[in-house]
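**Q** Following this message is one structure expressed as structure tokens.
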Amino acid sequence: GGGGGSGGAVYGSEYHAAVAGRVQAVLRYLLLESAEELRDYFKEIPYLPDSPSLTPIFAEVRSEVGQRGVLDTINQLMKLIEHESSSVRALAISQLRDALKAPSSSSSSSS
């Protein structure tokens, strides 16, 4: 049986660690082990919050795709600003603000 109160820790740090491990495994499979088949879609992967556990995975994806250009970055973030999740929208707005503040690596002016 069990619906006792001792099961409340299911949503505690052990649960969080288990979910984080599953997310890492799925991303590792999709982005690293299936890279050959999915490489063309990598540029469409939205920016995610920094997470030490995911840094190695995203570093490999960035090395596969290369750094996004300024216009690609802005276009991707503009799409995410319309996302259904308020957390994704907030992250996209924050990253767009940072991208617009950052000095451009190429200062070519076509006017």
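The numbers here are math on the coordinates, done by the rules we state, and not lab data. Everything numeric in this text was worked out from a predicted model, so none of it was measured. Note that each Cβ is placed from the backbone with ideal geometry, even for glycine, and that neighbours are counted across all protein chains shown.
**Q** Taking K and R as +1 and D and E as -1, what net charge do the other residues with C-beta under 12 Å from the C-beta of A99 add up to?
**A** +1
**Q** Now for a different question. Given labels modelled 7 Å from the Cα in the Cβ direction, how far is it in nm from E84 to K101?
**A** Result: 3.2 nm between the two label points.
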